[in-house]
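These notes are about the structure you will find just below.
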Amino acid sequence: RHLCSLCQISVVEEDSIIHSAYTSVLSQFSVVGIQHIPSDIPIELINLIELNEKCDQAHGNLKGFTHTNPSDETQSSHTIFILSGLPRIEFEAVLAHELLHVWLQEKKIKLSPASTEGFCNLGRYLIYQNDNTHFSNIHLKAMDNSKDSIYGIEYRKMKAKLEQKGWKKFISFIMN
């Protein structure tokens with residue numbers, strides 16, 4: 001992979017930046033009513049080959065994956081793997097998506113696989129929307145125009161419900 005000099009400036013590589021991004025995402029979630037996500041989930045930066053191996057599929061656009069290892073019925077253990085070399089705002093967007101997988105798991109919310117991914121993409125949407133930079137707007141436009149049945153079409157269905165209800169009512173709707 002090649003990164004332009006503008007993206008290279010904010011590449012997430014250090015633990016302190018990972019922690020700061022984690023805190024930022026949790027804070028943005030809290031504002032919209034997504035709470036009680038563990039704050040100590042391990043995050044590992046890995047290359048694309050390793051990332052594809054972790055999720056057992058080859059996917060050229062894969063940027064994150066959450067592995068959940070159920071230890072018992074009351075508590076699960078999670079590890080988040082994120083593609084190394086991402087600029088900070090993209091790292092936060094991917095982290096938000098993956099943390100919503102954790103949130104759904106922790107809350108024992110059952111959605112179809114497609115709806116799960118569409119819902120989790122709302123995490124990316126929130127981060128990019130709050131950032132409101134040219135870079136983020138490019139990513140939002142790409143999400144809105146994606147022809148992918150899950151990450152595009154299903155995301156837009158979830159986004160339409162979100163826009164209709166607002167975050168707090170939508171979160172309540174998802175939880176019931």
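Here's how it looks for LEU86: its modeled amide H is under 5 Å from those of VAL12, which are all 5 or more places away or on a different chain. Could you tally the net charge around ILE150, taking each other residue with its Cβ under 14 Å from the Cβ of ILE150, Lys/Arg +1 and Asp/Glu -1? Taking every Cβ under 14 Å from that of ILE150, the sum is +2. The fraction of accessible area contributed by carbon and sulfur in the chain is 51 percent, rounded to a whole number (1.4 Å probe; ligands and nucleic acids excluded).
Checking the Cα-Cα distances for LYS54/LYS169; LYS107/LYS157; LYS54/LYS108; LYS54/LYS157 against a 25 Å cut-off, the pairs over it are LYS54/LYS169; LYS54/LYS157.
Rolling a 1.4 angstrom probe over the protein heavy atoms with all chains in place gives the chain an accessible area of 55 Å² per residue.
Counted without the sites themselves, the longest stretch of the chain free of GluC sites (Glu not before Pro) in a DSSP loop having at most 16 other beta carbon atoms within 10 Å is 74-176. Backbone amide hydrogens, once placed in the peptide plane, bring SER77 within less than 5 Å of ASN69, SER71, excluding anything fewer than 5 places away on its chain.
With all projection directions averaged, the alpha carbon convex hull of region 33-166 covers 8.5 nm². Annotation for ASN145 and ASN47: the two label points, set 7 Å from Cα along the Cα-Cβ direction, are 3.2 nm apart.
Largest GNM mean-square fluctuation across ILE153, ILE49, ILE18, computed for the chain with C-alpha springs under 10 Å, falls on ILE49. Here's how it looks for GLY64: its modeled amide H is under 5 Å from those of LEU83, which are all 5 or more places away or on a different chain. Once every Cα of region 93-176 carries one equal point scatterer and solvent is ignored, give the base-10 log of I(q)/I(0) from the Debye formula at q = 0.17, 0.18, 0.20 Å⁻¹, two decimals. Treating every Cα as an identical point scatterer, log10 I(q)/I(0) equals -0.65, -0.73, -0.90.
The values are calculated or read from the model by the stated rules, or taken from the named source; none is laboratory data. Owing to the predicted nature of the structure, the values given are computational and were not obtained by experimental measurement. No Cβ is skipped: glycine too gets one built from the backbone with ideal geometry, and neighbour counts run over all protein chains shown. These accessible areas exclude ligands, DNA and RNA; they are computed on the full protein's heavy atoms, side chains included. Shrake-Rupley method; radii C 1.70, N 1.55, O 1.52, S 1.80 Å.
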